[in-house]
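Engineer: Take a look at the following structure, please.
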Amino acid sequence: MDRKPRIKAMIDRDIRDIVLKAANAKIGFVSVNKIEVTNDYSFAKVYVSFLNAKDQKKSFAKLTQMAPYFRHELAQKISLYKTPEIRFIYDERFIIDEKMDELLKKDEQALKKMKRR
């Protein structure tokens, strides 16, 4: 059995746990959408979005500032030669999906009004 997928899955699970527990307490609800780990485990890209955050840019800045803390916590949980450096990437797919839903609802309402006439 190949070790790399298991190690990547372990890193993924632990980063999600650490970020969700710490960030949700200090920043607000953070959604971890996707995590990509390089083959040499030196970097982990963590794609995040924020739910119900008034100022998402400010929340993202706080989360980015906490990256060294998250890396330290990850190092405590896993035993690897090198703990990945965590890089957060703001994932706009959630916002785009929300806007698309709003537009579809408006179109649906407009169609219903047209059918009533």
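Engineer: Bin width 5 Å, origin at 0, all Cα-Cα pairs of region 1-68: what percent of pairs per bin?
Structural biologist: Once binned at 5 Å, the Cα pair distances of region 1-68 give 3, 16, 27, 23, 14, 9, 5, 2, 1, 0.
Engineer: Turning to a different aspect of this structure: For E85, what residues show an amide H to amide H distance below 5 Å, using hydrogens built from the backbone and excluding near sequence neighbours?
Structural biologist: Counting only residues 5 or more places away or on other chains, the set is F43, A44.
Engineer: May I pose another question? Run the accessible area of the chain with a 1.4 Å probe and give the carbon-and-sulfur part as a rounded percent.
Structural biologist: 53
Engineer: Taking only DSSP H segments of four or more residues, each worth -39500 (n - 2.57), what value at 222 nm results for the chain once the sum is divided by all its residues, to the nearest 500 deg cm²/dmol?
Structural biologist: -20000 deg cm²/dmol
Engineer: Now for a separate question. At q = 0.18 Å⁻¹, what is the base-10 log of I(q)/I(0) for the chain according to the Debye formula with one equal point scatterer per Cα and no solvent? Please give it to two decimals.
Structural biologist: Values returned for q = 0.18 Å⁻¹ are -0.89.
Engineer: While we're looking at this one, here's another question. Between M10 and K106, what's the calculated FRET efficiency when r is the beta-carbon distance and R0 is 35 Å? Round to 0.05.
Structural biologist: E(calc), rounded to 0.05, equals 0.20.
Engineer: Let me ask you something else. Over the chain, give the accessible area per residue in Å² for a 1.4 Å probe, as an integer.
Structural biologist: 72
Engineer: Let me see the P(r) profile for region 38-88: every Cα-Cα distance counted, bins of 5 Å, each bin given as a percent of all pairs.
Structural biologist: In whole percents, the pair-distance histogram is 5, 19, 25, 22, 14, 9, 5, 1.
The values are calculated or read from the model by the stated rules, or taken from the named source; none is laboratory data. All figures in this text were calculated on a predicted structure; none of them were measured in a lab. No Cβ is skipped: glycine too gets one built from the backbone with ideal geometry, and neighbour counts run over all protein chains shown. Please note that ligands, DNA and RNA were not included when accessible areas were found on the heavy atoms of the full protein model with its side chains. Shrake-Rupley method; radii C 1.70, N 1.55, O 1.52, S 1.80 Å.
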